[in-house]
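Asker: First the structure, then my questions, so here it is.
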Amino acid sequence: MWLPDETFKSVIQHTPLISIDLIVRNQQNEVLLGKRVNAPAKGYWFVPGGRVRKNETLDDAFVRLVKEELGIESGITRADAKFLGVFEHFYDDCVFGDDVSTHYIVLGYNITIEDKKNDNFLNLDKQHTSFIWVNDKRVFLKKNIHKNILYYF
């Protein structure tokens, strides 16, 4: 269940949010990045991921995010991923504008997926305009990579 906008804005204003970032690699060891539509990180290339919901276990959140962000329903679980650590992301804005900052506590997980023909499995949802695969050695050279994901490489 989603919170009303004003309630959620108050939550963002007063507490950190907990999220899971998916550092998705293909069999060529390229990393998947999506071009963000919404703040924070609007206009930047970022890894897929999302918030953990109230009363949602980390395992359930992981499976939901793999399905929602990647369109993969094949049963990739948190146990299949490599935990990279806990990260903090700070932003001067939030989804509601520039008057509230956002603070995330992020759990980073590395997963490798089998190649899918034409990447048709990827969900271009309300969070991303496009996806690209980047060699992780070239991530640092790609324009508009958000600095918060550089800690994963």
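The values are calculated or read from the model by the stated rules, or taken from the named source; none is laboratory data. This structure is a prediction, so every number in the text was calculated from the model and none was measured. Glycine also receives a Cβ, built like all others from the backbone with ideal geometry; neighbour counts cover every protein chain displayed.
Asker: Those residues that are closer than 21 Å to Tyr151 by Cβ, more than 16 Å from the chain's Cα centre (by Cα) and of a type in the set (A, V, I, L, M), I need them from the range 67-96; list them, please.
Answerer: none
Asker: I would also like to ask the following. Residues Ile113, Ile149, Ile105: which one is at pLDDT 90 or above, among the hydrophobic types (A, V, I, L, M, F, W, C), surrounded by 12 or more Cβ atoms within 10 Å (Cβ to Cβ) and within 16 Å of Val31 (Cα to Cα)?
Answerer: Numbers: Ile113 fails: at pLDDT 90 or above; Ile105 fails: within 16 Å of Val31 (Cα to Cα).
Of the residues listed, the single one that is at pLDDT 90 or above, among the hydrophobic types (A, V, I, L, M, F, W, C), surrounded by 12 or more Cβ atoms within 10 Å (Cβ to Cβ) and within 16 Å of Val31 (Cα to Cα) is Ile149.
Asker: So, in the range 56-86, how many residues would count as being surrounded by fewer than 12 Cβ atoms within 10 Å (Cβ to Cβ) and of a type in the set (Asp, Glu)?
Answerer: 2
Asker: Could you tell me which numbered condition Asp99 fails, if it satisfies all but one of (1) of a type in the set (D, E, K, R); (2) free of Cβ contacts under 8 Å to residues at least 12 places away in the same chain; (3) outside any loop (DSSP other than H, G, I, E, B)?
Answerer: Unmet for Asp99, out of (1) of a type in the set (D, E, K, R); (2) free of Cβ contacts under 8 Å to residues at least 12 places away in the same chain; (3) outside any loop (DSSP other than H, G, I, E, B): (3).
Asker: Looking only at the range 42-51, count every residue that is in contact with an Asp or Glu (Cβ under 9 Å, 6 or more places away or on another chain) and either on the phi > 0 side of the Ramachandran plot or surrounded by fewer than 20 Cβ atoms within 10 Å (Cβ to Cβ) (or both) and tell me the total.
Answerer: Of all residues in the range 42-51, those in contact with an Asp or Glu (Cβ under 9 Å, 6 or more places away or on another chain) come to 42, 46-50.
Still in the running and either on the phi > 0 side of the Ramachandran plot or surrounded by fewer than 20 Cβ atoms within 10 Å (Cβ to Cβ) (or both): 42, 49-50.
So the answer is 3.
Asker: Considering only the range 6-78, give the strands (runs of 3 or more DSSP E) lying wholly within it that have at least 2 residues that are farther than 23 Å from Asp93 by Cβ and touching a residue at least 24 places away in the same chain (Cβ under 8 Å). Explain how you work it out, then say what you get.
Answerer: Details: elements: 17-25, 30-36, 49-51.
Counting at least 2 such residues, we get 17-25, 30-36.
Asker: Quick check: anything in the range 109-117 more than 21 Å from Tyr152 (Cβ to Cβ) and of a type in the set (Lys, Arg)?
Answerer: Yes, that holds for at least one residue.
Asker: In addition: What number goes with the only condition from (1) of a type in the set (Phe, Trp, Tyr); (2) modelled with pLDDT of 95 or more; (3) farther than 19 Å from Phe153 by Cβ that Phe83 does not pass?
Answerer: Only one criterion in (1) of a type in the set (Phe, Trp, Tyr); (2) modelled with pLDDT of 95 or more; (3) farther than 19 Å from Phe153 by Cβ is unmet by Phe83, namely (3).
Listed here are the residues, each with its yes/no results for (1) touching a Pro at 6+ places or on another chain (Cβ under 7 Å); (2) small (Gly, Ala, Ser); (3) within 16 Å of Phe87 (Cβ to Cβ).
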{"residue": "Ile20", "(1), (2), (3)": "no, no, yes"}
{"residue": "Asn29", "(1), (2), (3)": "no, no, no"}
{"residue": "Val37", "(1), (2), (3)": "no, no, no"}
{"residue": "Lys42", "(1), (2), (3)": "no, no, no"}
{"residue": "Leu70", "(1), (2), (3)": "yes, no, no"}
{"residue": "Ser74", "(1), (2), (3)": "no, yes, no"}
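Asker: Just name the residue that is modelled with the highest pLDDT out of those in the range 1-48 that are touching a Phe, Trp or Tyr at 6+ places or on another chain (Cβ under 8 Å) and of a type in the set (Asp, Glu).
Answerer: Asp21
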